[in-house]
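Engineer: Before we start, here is the structure in question, set down as structure tokens.
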Amino acid sequence: MLKLFVTGGAGFIGSAFIRLALAARPDCQVINFDALTYAGNPDNLTGLDAERHCFVHGDIANRDQVLAALPDDTDALINFAAESHVDRSIVSADEFLRTNVLGTQVLLDVARARGIRRFVHISTDEVMGSLPEDENAFFTEASPFAPNSPYAASKAAAEHLVRAAHHTHGLDTITTRCGNNYGPRQFPEKLIPLFIANALADEPVPVYGDGRNVRDWIYVDDHCRAILLALEKGESGATYNIGARNERRNLEVVESLLRALDKPASLIRYVKDRPGHDRRYAIDPTKIEMELGWQPQETWESGLKKTIQWYADNPEWIARARSGAYREYYARQYGVEVSAR
Ligand code: NAD
Ligand code: TYD
């Protein structure tokens with residue numbers, strides 16, 4: 001039996017991880033601990049095997065709630081819970097510090113108190129800042145920390161706390177740093193689901209700055225397979241960079257999406273750049289490839305096709321995600337109303 005305690009499992013990547021772990025490991029049982037913030041979505045959990053998946057509503061920054069939910073026979077705690085959107089962290093960093101920093105320390109403390117076998121912390125390439133556009137520069141596990149947004153700074157702080165818990169207290173930890181994920185069930189504030197949702201509704205797609213920023217894209221299930229592998233075979237205390245060697249300029253991503261949806265390029269709107277906008281992310285995944293034998297299974301073309309198909313097939317999911325507080329967020333961020341479709 002593999003007993004997992006997953007935090008943030010109602011979000012985009014956490015819910016994909018739970019699906020994958022339950023399918024890949026028939027002996028796996030999951031407790032899914034999530035505060036259901038604006039990004040946590042019970043719709044993301046439909047169809048999960050109720051015998052092996054148990055949802056607990058709770059906040060990782062609340063020690064009593066974590067203590068009450070975390071059984072001491074848990075094999076691994078996997079921490080996905082976070083405030084995850086750079087633009088929101090620019091408006092206010094408060095929740096980022098509370099969840100990403102304080103919440104991570106609470107989880108580390110409780111995991112230690114409960115004698116949890118392994119602590120897997122999900123981090124991001126953004127802790128390493130921005131790369132020059134020179135094609136030969138890549139993030140490795142040895143790259144220095146240089147976070148540029150409040151989001152990235154909070155994730156860097158969390159990584160330091162994980163490192164300290166391993167070094168000082170001997171907690172068995174793994175840290176993974178991944179690039180930009182895309183796939184089904186991603187909240188439509190991030191580039192790809194936002195642009196698919198807008199294009200499907202024939203609304204403009206807002207490109208920041210000159211649209212030439214580079215991101216290193218990975219299909220969410222490939223990221224989750226890497227996490228499962230690192231959880232099972234990774235070296236205690238290690239960090240693994242995860243990336244699919246798939247760098248794309250934002251404009252290239254947008255053009256691919258519009259082409260696949262058969263929508264005109266005239267939907268593109270250049271809008272004011274994001275303050276402090278990182279120019280380029282690019283991951284060198286050699287370590288996880290060589291040490292753990294991980295390889296992505298999806299190509300950019302196959303991953304994008306699956307992703308677009310999922311959003312096209314799930315208009316109710318999009319409509320529900322774009323209702324309520326999302327409408328205020330959109331109006332504040334983009335200065336226009338989002339349509340009701
Ligand atoms: P998400 O925003 O879709 O989901 C975050 C989840 O965490 C939500 O279900 C939310 O309800 C939950 N949560 C937030 N605060 C909480 C709290 N205090 N207590 C309990 N639950 C809380 O995020 P995501 O895109 O799925 O990202 C998951 C993790 O992966 C994050 O740690 C993020 O930093 C990291 N990451 C994301 C990407 C990406 O491209 N999305 C890339 C690299 C790393
Ligand atoms: P995002 O999905 O927010 O991820 P991150 O900032 O963590 O990389 O953004 C991906 C890229 O797309 C980034 O360069 C910012 C850009 N972007 C836009 O051009 N317009 C948008 O409306 C959004 C949300 C992002």
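Engineer: Of all residues in segment 96-115, which are more than 19 Å from the chain's Cα centre (by Cα) and open to solvent by less than 10 Å² (accessible area, probe 1.4 Å)?
Structural biologist: Val106, Leu108, Val110, Ala111
Engineer: Sticking with this one: Step by step: first the residues of segment 272-329, then only those that are at pLDDT 95 or above and among the polar types (S, T, N, Q), then the one that is farthest from Val254 (Cα to Cα). Which residue is that?
Structural biologist: In this case the residue turns out to be Thr286.
Engineer: Right, something else. Collect the residues in segment 320-337 that are polar (S, T, N, Q) and either touching a Gly at 6+ places or on another chain (Cβ under 9 Å) or not in a helix (DSSP H, G or I) (or both), keeping them in residue-number order.
Structural biologist: Result: Ser323, single match.
Engineer: Quick check on segment 213-230. Is at least one of its residues surrounded by fewer than 23 Cβ atoms within 10 Å (Cβ to Cβ), of a type in the set (Ser, Thr, Tyr) and either modelled with pLDDT of 95 or more or more than 9 Å from ligand 2 (Cβ to nearest atom) (or both)?
Structural biologist: No, segment 213-230 contains no residue that is surrounded by fewer than 23 Cβ atoms within 10 Å (Cβ to Cβ), of a type in the set (Ser, Thr, Tyr) and either modelled with pLDDT of 95 or more or more than 9 Å from ligand 2 (Cβ to nearest atom) (or both).
Engineer: Kindly evaluate Glu126 against the criterion of being within 15 Å of ligand 1 (Cβ to nearest atom), touching a Phe, Trp or Tyr at 6+ places or on another chain (Cβ under 8 Å) and not in a helix (DSSP H, G or I).
Structural biologist: no
Engineer: Please pick out the residue among Cys28, Cys54 that is away from ligand 1 (no atom under 13 Å from the Cβ) and touching a helix residue (DSSP H, G or I) at 6+ places or on another chain (Cβ under 7 Å).
Structural biologist: Cys28
Engineer: Does segment 203-223 hold any residues that are in contact with a Ser or Thr (Cβ under 8 Å, 6 or more places away or on another chain) and farther than 23 Å from Arg19 by Cβ, and which are they?
Structural biologist: Glu203
Engineer: With Tyr182, Tyr151 as the choices, which residue is modelled with pLDDT of 95 or more, hydroxyl-bearing (Ser, Thr, Tyr) and open to solvent by less than 10 Å² (accessible area, probe 1.4 Å)?
Structural biologist: Tyr182
Engineer: With the structure loaded, tell me whether Ala93 is surrounded by fewer than 24 Cβ atoms within 10 Å (Cβ to Cβ), within 15 Å of ligand 1 (Cβ to nearest atom) and small (Gly, Ala, Ser) or whether it fails that test.
Structural biologist: So Ala93 passes the test.
Engineer: Would you confirm whether or not segment 62-80 contains a residue that is within 24 Å of Tyr311 (Cβ to Cβ), in the same structural domain as Leu107 (by TED's automatic domain parsing) and either open to solvent by 20 Å² or more (accessible area, probe 1.4 Å) or within 16 Å of ligand 2 (Cβ to nearest atom) (or both)?
Structural biologist: Within segment 62-80, one or more residues are within 24 Å of Tyr311 (Cβ to Cβ), in the same structural domain as Leu107 (by TED's automatic domain parsing) and either open to solvent by 20 Å² or more (accessible area, probe 1.4 Å) or within 16 Å of ligand 2 (Cβ to nearest atom) (or both).
Engineer: Of all residues in segment 244-266, how many are in contact with a helix residue (DSSP H, G or I) (Cβ under 8 Å, 6 or more places away or on another chain) and either closer than 29 Å to Ser123 by Cβ or open to solvent by 20 Å² or more (accessible area, probe 1.4 Å) (or both)?
Structural biologist: 14
Engineer: Can I ask one more? Could you list all residues from segment 66-77 that are in a helix (DSSP H, G or I) and either within 25 Å of Asp27 (Cβ to Cβ) or under 23 Å from the mean Cα position of the chain (by Cα) (or both)?
Structural biologist: Listed by number, the residues that qualify are Val66, Ala69.
The values are calculated or read from the model by the stated rules, or taken from the named source; none is laboratory data. No experiment lies behind these values; they were computed from the predicted model shown. Note that we place each Cβ from the backbone using ideal geometry, even for glycine, and neighbour counts take in every protein chain shown. Each accessible area value is taken on the protein alone, full model and side chains, heavy atoms only, with ligands, DNA and RNA left out. Shrake-Rupley method; radii C 1.70, N 1.55, O 1.52, S 1.80 Å.
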